[in-house]
Amino acid sequence: MRGFGIDEPRDKIPLRILEEAYRDKSAADVEYGVAIGLKLRFSSECKDVLQRLFDADWHHSHEDVISALDKLRDPDLVETFYKATQVIPAYLNFDENRALAVKAIWSLGNIGTDAARNRLKEISLSQHPRLRSTALEQLQR
């Protein structure tokens, strides 16, 4: 992990850290990059690497990655958020409250497009009571 460059624009720092974390498969740097991005703000350029990190199975920061993607409020992320409601990374098997899925449902609500609402309607039919109730809450927002 390199330090911050003196002339490096603030909006490029999270992107660089996350790209390096992905390249090096550094779980610690994923956490670090997301924390820095939440503090400095994520640029839309971070979307691709954040989506790749969501799909990666070598770190334990999927909830943080969803929170980072939520900050982008990008309608193109509807399917990524929906996917986050359908998968449970192995390290989260203990979580009966499905915090990752709940965060993704809130993200769908924040996007608010027809596509997002349609996915929320699907989730509102879930057998899981927490997912069902959270999706219904977001639909009523």
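Please report the equivalent ellipsoid semi-axes of the chain, computed as sqrt(5 x eigenvalue) of the Cα gyration tensor, largest first, in whole Å. The partial results should precede the final answer.
Working: eigenvalues 164, 57, 21 Å².
Value: 29, 17, 10 Å, ordered largest first.
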- [ ] Pull out the extension gain between ALA35 and GLU79, defined as 0.36 nm times the separation in residues minus the alpha carbon to alpha carbon distance; nm, one decimal.
- [x] 13.5 nm
Task: Helical contribution to [θ] at 222 nm, DSSP H n ≥ 4, -39,500 (n - 2.57), averaged over the chain, rounded to 500 - done: -19500 deg cm²/dmol
- [ ] Compute the distance in nm between two label points, each set 7 Å from the Cα along the Cα-to-Cβ direction, one at ASP114 and one at ILE88.
- [x] 3.4
Open item on the list: Please give me, ordered by residue number, the trypsin sites (Lys or Arg not before Pro) of the stretch 43-97 that lie in loop per DSSP and have at most 16 other Cβ atoms within 10 Å.
Closed with: ARG73
Open item on the list: Residue by residue through the stretch 126-141, what is 3J(HN,Hα) from phi via Karplus (6.51 cos²θ - 1.76 cosθ + 1.60, θ = phi - 60°)? Round to whole Hz and write x for glycine and proline.
Closed with: 4, 6, 7, x, 5, 5, 4, 5, 5, 5, 5, 4, 5, 5, 8, 5
Open item on the list: Just want the answer: with Cβ charges of +1 for Lys and Arg and -1 for Asp and Glu, which residue in PRO9, VAL49, THR85 is farthest toward the dipole's positive end in the chain?
Closed with: THR85
Task: Simple spin-label estimate for ASP11 and ALA27 in nanometres, 7 Å along Cα-Cβ - done: 3.3
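Where a number appears in this text, it was derived from the coordinates with a stated rule and is not lab data. All values reported here derive from a predicted model rather than from experimental measurement. Note that we place each Cβ from the backbone using ideal geometry, even for glycine, and neighbour counts take in every protein chain shown.
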